[in-house]
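Below is one structure; the comments refer to it alone.
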Amino acid sequence: MSQADLDALADGVVLVGADGRVTAINEVAARFLGDAAVDAMGRPLEDVLALQDQDGNDWCSTNRPYDGLTTRTGVPEQPWLLPDGTEVLVVARIHRPALDQPVDRVAVSLRSGRGRARLDRERSDLVATVAHELRSPLTGVKGFVQALLNRWDKLSDEQKKLMLTTVSADSDRLSRLIAELLDVARIDTGRLQLYPRPSDAGVLVRRVVESVAAGTSRPIDLDVADDLPTITVDPDKFTQVVTNLVENAVRHGSGSVRIALETSGSEPSGVLLSVEDEGDGIAPELRARVFTKFWTGGGSGGSGLGLYLVNGLVKAHGGSVTIGDADGGGARIMVALPSVP
């Protein structure tokens with residue numbers, strides 16, 4: 001590989017010969033290593049690869065690429081620190097002409113640790129989100145159960161029923177959140193499983209609307225067209241999609257919520273579900289971000305996973321989700337699902 005080819009690579013590369021001296025280095029690696037990479041050709045790898053861990057140990061003495069078992073073919077990716085304290089991820093490939101012969105080449109690759117840092121931040125965000133979302137219903141469950149245990153003989157039957165009803169509702173909320181988190185993980189890893197069967201979309205949507213309407217004072221209007229085609233969906237996942245959309249409209253809107261279910265005009269025929277609110281709407285430049293994890297526009301709370309999950313579940317059914325403007329100025333979210341995915 002020519003020097004021009006090495007310089008075209010996105011990652012930093014340092015090639016070392018059988019004697020442990022650098023035979024090639026590309027621009028990215030030289031930029032990472034700074035002054036240590038000046039006149040790197042022919043110098044020992046330990047002098048050029050100026051990397052240390054948190055304890056001050058250097059890469060070469062820690063990993064000893066020229067020593068060890070003859071079956072050893074590489075050094076797994078590890079985080080190391082550059083002289084300026086920046087983190088890079090380093091991996092190495094060890095080459096031998098044969099298992100009974102010494103190492104003749106070592107290829108060291110370096111790449112920025114920003115991707116790893118971003119992943120760590122996403123994981124931290126997820127932990128913080130889960131902790132926050134679980135704490136609220138758990139606090140309610142614990143409080144009411146404690147009150148029931150301490151004051152059972154002093155509470156009336158109506159008070160007991162109210163407390164137990166609240167505990168049941170909070171338990172359902174916890175179960176649903178856990179199910180959503182599991183589905184998010186399955187969507188991310190491509191392991192989401194669906195159990196589709198012919199379903200009446202009108203029946204499923206009415207059930208969701210009745211359930212959500214029972215817990216809010218905000219008006220929810222539902223318009224279901226006649227002669228809707230039967231769609232083949234996983235009823236539980238479809239219900240999850242509709243629930244997230246309706247609850248999202250209730251949370252972010254300020255007036256009534258309008259839901260329409262009609263036959264899709266595209267081929268193959270299917271159903272088109274639209275959910276409108278009377279909130280501030282979603283600006284066009286933000287609509288691409290709505291379906292990312294942890295998007296919580298409007299400052300109205302929530303886990304920030306609902307619309308990410310909606311998009312993933314709808315796409316898994318062969319459908320699509322689009323965002324537009326409602327007639328009243330709020331947001332209109334439309335879900336199109338074919339009769340057969």
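Only one entry in Thr239, Thr263 is modelled with pLDDT of 90 or more, in contact with a Gly (Cβ under 9 Å, 6 or more places away or on another chain), hydroxyl-bearing (Ser, Thr, Tyr) and not assigned by TED's automatic domain parsing to the domain that holds Val184, namely Thr263. Quick check on my filter: what residues within the stretch 91-103 are part of a strand (DSSP E or B) and surrounded by fewer than 16 Cβ atoms within 10 Å (Cβ to Cβ)? Within the stretch 91-103, Val91, Arg93, His95 qualify. Within the stretch 57-69, residues that are exposed (fewer than 12 other Cβ atoms within 10 Å of the Cβ) sit with their Cβ atoms under 8 Å from residues that are outside any loop (DSSP other than H, G, I, E, B) and not hydrophobic (A, V, I, L, M, F, W, C), at 6+ positions apart or across chains, in these pairs: Ser61/Glu46. Any chance the stretch 176-189 includes a residue that's touching a helix residue (DSSP H, G or I) at 6+ places or on another chain (Cβ under 8 Å), acidic (Asp, Glu) and modelled with pLDDT of 85 or more? Yes, that holds for at least one residue. Considering only the stretch 43-53, I want to know if a residue exists there that is of a type in the set (D, E, K, R), within 11 Å of Ser109 (Cβ to Cβ) and in contact with a Lys or Arg (Cβ under 8 Å, 6 or more places away or on another chain). No, because not a single residue in the stretch 43-53 is of a type in the set (D, E, K, R), within 11 Å of Ser109 (Cβ to Cβ) and in contact with a Lys or Arg (Cβ under 8 Å, 6 or more places away or on another chain).
Here Gly279 meets the list (1) surrounded by fewer than 21 Cβ atoms within 10 Å (Cβ to Cβ); (2) in a loop (DSSP other than H, G, I, E, B) almost entirely, failing just condition (1). Just one of the numbered conditions (1) assigned to a strand (DSSP E or B); (2) free of Cβ contacts under 8 Å to residues at least 40 places away in the same chain is not true of Val88: (2).
The values are calculated or read from the model by the stated rules, or taken from the named source; none is laboratory data. Remember, it's a predicted structure, so these values are computed and weren't measured experimentally. Every residue, glycine as well, gets a Cβ built from its backbone with ideal geometry; the counts of neighbours run over all protein chains shown.
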